[in-house]
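Right, one structure below, let's go through it.
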Amino acid sequence: MVAQSAAHREMYSQASGSPVIIVAGATGDLGRRICHYLIHSGATVRALVRRETAQETIASLQTAGVHMVQVDFNNIPELAKACAGGTCLVSALSGLREVIVDVQNNLLQAAIAANVPRFIPSDYCIDFTKLPRGSNRNLDLRRDFYHIIEKAPIRATSILNGMFTDLLTGQAPVVLSGLKRVLYWGNPQQLLDFTTTDNTAAYTALAALDNNTPRFLRIAGEESSAEGLRDSATAATGKDFKLLRAGGLGGLQTMINITRKLFPKEKEVFPPWQGMQYLHNMFSGGPKLHPLDNHRYPGIRWTSVAEMLATNPK
């Protein structure tokens, strides 16, 4: 449970008018960064974590100034008690249906019961509202929760950031440093949206403190095409990168179908075919973010693709 001294600090913060932001998923990379930016902005941050969360993780967040509350995410009355006094609930949870739909629905019901006026769901992706169902397993789950929260008596704001730029230096097989190639499907001039995890966290923190946010906020640290990625990789490394067309979108869809059949891994959050689905969505142009809302919080310095590639080489 929360240490007594931390509880006293939170009561003082509430009394002095500091907004109380509830964060679910604070132990993950994005959630931890959101907490950091909230505290930097003067908010009181209350993180909801599972009872089995490691004590060293709890201690680390407490040291950073986060008020920790260990909860049962299946116990709505307990969650509602933990949400009392909150001005916004921010979810940075990651998982499959039992998390994105079921646990977030529990958090939603708890927030409503506790009179928390605003909810930011764990979307952080391309515009899933523009995609046909079945084209992306993980985004279908976000659409399912979208339909739930649309009917709820709470003000919701989804933050859409395209792809995390950080993935270009690891998990996303697009910038192939060893081969000095940028892999793409379809049109090399199709614009894609990229935003770093850190920029997304900073923006989310400001949105959580903004009581007048619209239903959707769309951001991109950089809009770039395969041709643009080639130029960024060349600028970042000083090496001459070229394009490598792997085929059309139809061929990529065939690869997705075969990979999913041979290596289903349906219980994994990010199996290989899921990443391929995301790339197919992006190169199709369908979920391109428009209009962008970067200007809403002018204090953010947006990190470019070239900067990310230069500071985090593969």
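The values are calculated or read from the model by the stated rules, or taken from the named source; none is laboratory data. Owing to the predicted nature of the structure, the values given are computational and were not obtained by experimental measurement. All Cβ positions, glycine included, derive from the backbone under ideal geometry; neighbour counts span all protein chains shown. These area figures cover heavy atoms from the full protein model, side chains too; ligands, DNA and RNA do not enter into them. Shrake-Rupley method; radii C 1.70, N 1.55, O 1.52, S 1.80 Å.
In table form, for the structure just shown:
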| quantity | calculated |
| --- | --- |
| Acute angle (nearest 10 degrees) that the helix 226-237 long axis makes with the longest principal axis of the chain, alpha-carbon atoms | 80 degrees |
| Taking the chain and dividing mean pair separation by its residue count, relative contact order in percent (alpha carbons under 8 Å, at least six apart) | 17 percent |
| Charge dipole magnitude, Cβ of K and R +1, D and E -1 - the chain, Cα centre, debye nearest 20 | 480 debye |
| Difference of contour (0.36 nm per residue) and Cα-Cα distance, GLN189 to LEU243 | 18.3 nm |
| Within the accessible area of segment 126-218 (1.4 Å probe), percent carbon and sulfur | 53 percent |
| 1.4 Å probe accessible area per residue over segment 65-208, in Å² | 33 Å² |
| Accessible-area order (highest first, 1.4 angstrom probe) of the listed residues ASP240, ASP140 | ASP240, ASP140 |
| Sequence-separation-based contact order of segment 43-183, relative, with Cα cut under 8 Å and 6+ spacing, percent | 19 percent |
| Inter-label distance, nm, simple model (7 Å from Cα along the C-beta direction), ASN115/ARG97 | 3.6 nm |
| Descending principal axes extents, segment 101-230, alpha-carbon based, whole Å | 55, 32, 22 |
| Within segment 21-47: backbone nitrogen closer than 14 Å to the ALA54 label point (7 Å, Cα to C-beta) | 27-29 |
| Calculated on alpha-carbon atoms, Rg and Dmax of the chain in Å | 20.1, 60 |
| Per principal axis, descending, Cα span of segment 40-154 in whole Å | 44, 30, 29 |
| Normalised convex hull volume, segment 233-314, alpha-carbon set, Å³ per residue | 166 Å³ |
| DSSP-defined beta bridges in the chain - what % are antiparallel, rounded to 5 | 15 percent |
| Cα→Cβ-extended label distance, 7 Å offset, between ASP231 and PHE216, nm | 2.7 nm |
| Relative contact order of segment 129-284, defined on C-alpha pairs under 8 angstrom at six or more residues apart (%) | 30 percent |
| Peptides ranked, highest mean first, by Cβ atoms within 10 Å: ranges 246-256, 83-93 | 83-93, 246-256 |
